Amino acid sequence: MGRKILEPIQIKNMEIKNRIGFPPFLGNPHGPKCEVNDDTIEWFVLRAKGGVGFAMTGAINPLPDMFEELMNMPPVMFPHPLTFHDDSYIPGYKRLTEAVHEHGMKICAQIGAGGATKGSSPSPFARLNFFEAILGADLPAEAYTIEELEEIKQQCVQTAVRCKTAGFDAVELHTAHGYVSLWGGFMSPFTNTRTDKYGGSWENRLRYPAETIQAIRQAVGEDYPVLIRISVDELHGADGVTLEDTLQYTVPTMEEAGVDCFDVTMGTQLHNPNNIPSLYVPRGHYMRFPAAVKKAARVPVIGVGRVLDMEMAEKYLEEGYADIINIGRQLIADPETPKKYFEGRSRDIRKCIGDLPRFGNCDRGCTVNPTPPAMGNTDDVAPAETAKKVVVVGGGVAGMEAARICALRGHSVTLLEKEGRLGGAVELLARNPLNSEFGNLVTFLAGQMARLGVDVRVCKRAQSEDVKGLNPDVVIIAAGATMSLPEEAKGKFGVLTHTEALAEPDRVGKKVVVQGLGYGCELAIALAEEGKEVTLFGKGAEIAPNVSILRRFFILKRLTDLNVCRGDGDIPMTSPENPKVLTGRKLKEITPSEVVVEDGEGAVEHLSYDTFIVSMGRKSNDDLSAALKESIKEVYVIGDAARIGEMLDAMTEANEIARTI
């Protein structure tokens, strides 16, 4: 029986060799004038070589005025997009299309213009946007005039024609993700409050996007594929676009306007950014949306929604959820995902962990694949000039990544780990259901230790004499960090650190107090979802300030009553009042039955507990480097053993240092 995922598909005059898509990412690598450069080309060629059949660029700016604005401002949160506002960019895009065509991949240019500061209607809107909730910063917006909208439409048409001239196989109009898309802002009742021909009824709100599609269609011809990306559900509830609205109004209107394929997504970037779903969102959670559109549409449908592996993609294709499956961040974690899968090397695939560092701009920093965008593949390492004997102390993710790269370079590697398991703190964190995807990285790295012949010795606490006895040329200390307890908590019954609570869940009682407003938030939520009665406190005023920013927004929605849009896909809220959250409280005393805390004005509260979990304070583990440096020429200390940081930092440092050995 053949695989559906390997079947070709036709969209107008474009035949795609398989059903694997790479979706649009804002801010593809580019040059200083937002032009295509060698990094841009390598970014897409890597996915083409990896087996992707169809890729889309991130939104390409068509507006000369927007280009001038971008050149006068640094990127804020969002990286600058590629641009194609005049003919001088055609040669660069021709280089791109010709390069990917050599590897059998078709490529679509997504045309889009931001609407965050100027769009369908002026702000403020009914609920807080992402920037207001997280940063306390508003994004005031003005409304475009009819005349300005007509000019923008014509500039989009001109860009579409340039895209066809440059060899793109199709063009797509980006109308998704709410107000960051000019056209998405028009479509949504949440952001469109106009009273002219472009506001009010569904017919009026869809008018400008439909007119733009019609104008593009007329300019590029009947046989050239024109796609549209839509948020079929903004996840705002009745305040915004719902799936029912999309099926009743948007699908038939856009088909009539000339759309050849629906690229289905969800959420809104500024008000409910679940279009960049974190590890909190179950795999495949949003695939019901393309499935619904496919039943209503007469043209092909592209689906997306945290699909990480080929088996899952195949399942959704076989069951008719979509005609093409877009696999996004997984193809950044490992550009060769399809190739490895079809070659029977699934164990060599690095799976995305959904931690969304740096506002989800994974192309600027991927924990699993910590390489520059132009390189894009951590398997590509140069062999060392001289093979050396390398000892790695510590079997956490940083230690294993360093061992992996050293082994790939041809060194003989021995890894010493004091515990009876690999993965260190990350393996423990993965035991929290909210963080279970972290286990993907541990599984991959541990498997590579066996595949690459790394001599792994567990249950071995390394002493300096043990290490010296192995006669290494190089030692890499990646011993991680140890969670510490405040003086008031030491030696007290029922007191655990965050990692102890994960390692020994049977020791956690029914009534739990958690100290620490950072990653303690994730633990508190998970325990509350298990049915435990949880109180979370900390001395700071902010909740989850150290958690990556998109994950933090989800946590804020779970733990606070912020006036933000709340939609399907957020952290579950089976009991919104649990955990109870107390900010601005410091630990005063621990008795056998109560944790006593004090606020800034001296008021005291008594929190009863069965288990008190401390989720704060880590101390680097490096008691070896000083002694080893006396007799070993090359000694490196990396990750938390060197300085307390995030997983991305540790992985990046391990990868970079190992490449120099």
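The values are calculated or read from the model by the stated rules, or taken from the named source; none is laboratory data. In this text the structure is predicted, and so the values were computed from the model without any measurement. Note: ideal-geometry Cβ built from the backbone for every residue, glycine included; neighbour counts use all protein chains shown.
Of everything in the range 528-542, what is more than 13 Å from I571 (Cβ to Cβ) and in contact with a strand residue (DSSP E or B) (Cβ under 7 Å, 6 or more places away or on another chain)? Give them in sequence order. Before you say what the answer is, go through the steps one by one.
Residues of the range 528-542 more than 13 Å from I571 (Cβ to Cβ): 530-542.
Passing the criteria: K532, E533, V534, T535, L536, F537, G538, K539.
Close contacts from the range 84-96, counting a first residue that is assigned by TED's automatic domain parsing to the domain that holds F54 and a second that is among the aromatic types (F, W, Y), with Cβ to Cβ under 6 Å and a gap of 6+ residues or different chains, come to H85/F67.
Would you say A141 is surrounded by fewer than 13 Cβ atoms within 10 Å (Cβ to Cβ) and hydrophobic (A, V, I, L, M, F, W, C)? In short, no. Can you go through G178, G167, G184, G200 and tell me which one is surrounded by fewer than 24 Cβ atoms within 10 Å (Cβ to Cβ), in contact with a His (Cβ under 8 Å, 6 or more places away or on another chain) and either over 22 Å from P140 (Cα atoms) or not polar (S, T, N, Q) (or both)? Only one candidate passes the filter, namely G167. Being surrounded by 21 or more Cβ atoms within 10 Å (Cβ to Cβ), out of contact with any helix residue (DSSP H, G or I) (no Cβ under 8 Å at 6 or more places or on another chain) and in a helix (DSSP H, G or I) is not true of A501. As a summary of the residue check, E132 satisfies the conditions (1) acidic (D, E); (2) under 22 Å from H236 (Cβ atoms); (3) surrounded by 22 or more Cβ atoms within 10 Å (Cβ to Cβ) except for the one numbered (3). The condition (being more than 21 Å from A387 (Cβ to Cβ), in contact (Cβ under 8 Å) with a residue 24 or more places away in the chain and among the hydrophobic types (A, V, I, L, M, F, W, C)) is satisfied by just one residue among V495, V454, V475: V495.
Taken over the range 267-298, the residue count meeting the criterion of being part of a loop (DSSP other than H, G, I, E, B) and among the small types (G, A, S) is 4.
Regarding G518, is this residue touching a helix residue (DSSP H, G or I) at 6+ places or on another chain (Cβ under 7 Å) and in contact (Cβ under 8 Å) with a residue 60 or more places away in the chain? No.
Go through the range 237-263 and report how many residues are assigned to a loop (DSSP other than H, G, I, E, B) and either under 22 Å from A219 (Cα atoms) or not assigned by TED's automatic domain parsing to the domain that holds I324 (or both). Reasoning before the result, please.
Step one: list which residues in the range 237-263 are assigned to a loop (DSSP other than H, G, I, E, B), which gives 240-242, 258-260.
Retained after the next criterion (residues that are either under 22 Å from A219 (Cα atoms) or not assigned by TED's automatic domain parsing to the domain that holds I324 (or both)): 258-260.
Of the residues in the range 237-263, 3 are assigned to a loop (DSSP other than H, G, I, E, B) and either under 22 Å from A219 (Cα atoms) or not assigned by TED's automatic domain parsing to the domain that holds I324 (or both).
Could you say which residue among V232, V220, V180 is among the aliphatic types (A, V, I, L, M) and in contact with a Gly (Cβ under 7 Å, 6 or more places away or on another chain)? Walk me through it before giving the result.
Working: V232 fails: in contact with a Gly (Cβ under 7 Å, 6 or more places away or on another chain); V220 fails: in contact with a Gly (Cβ under 7 Å, 6 or more places away or on another chain).
From the options V232, V220, V180, the qualifying one is V180.
Pairing residues of the range 167-180 that are over 14 Å from Y93 (Cβ atoms) with residues that are among the acidic types (D, E) and surrounded by 24 or more Cβ atoms within 10 Å (Cβ to Cβ), at Cβ distances under 9 Å and at least 6 apart in sequence or on separate chains, gives E172/D263; H174/D263; A176/D263; H177/E234; G178/E234.
For the range 18-61, the candidate set comprises residues that are in contact with a Ser or Thr (Cβ under 7 Å, 6 or more places away or on another chain) and assigned to a strand (DSSP E or B); within that set, the residue that is surrounded by the fewest Cβ atoms within 10 Å (Cβ to Cβ) is N61. K197 - would you say it is in the same structural domain as P23 (by TED's automatic domain parsing), of a type outside the set (A, V, I, L, M) and closer than 30 Å to Q10 by Cβ? Considered against the rule, which asks whether it is in the same structural domain as P23 (by TED's automatic domain parsing), of a type outside the set (A, V, I, L, M) and closer than 30 Å to Q10 by Cβ, K197 comes out as no.
Taking the criterion of being over 31 Å from the mean Cα position of the chain (by Cα) and either at negative phi or not in a loop (DSSP other than H, G, I, E, B) (or both), the residues of the range 211-222 that qualify are E211, Q214, A215, I216, R217, Q218, A219, V220, E222. If the condition is being of a type outside the set (D, E), crowded, with 20+ Cβ neighbours inside 10 Å and within 20 Å of D323 (Cβ to Cβ), then the range 258-274 contributes V259, C261, F262, V264, T265, M266. The set of residues from the range 422-453 being assigned to a helix (DSSP H, G or I) and either in the same structural domain as P277 (by TED's automatic domain parsing) or at positive phi (or both) comprises just one member, G424.
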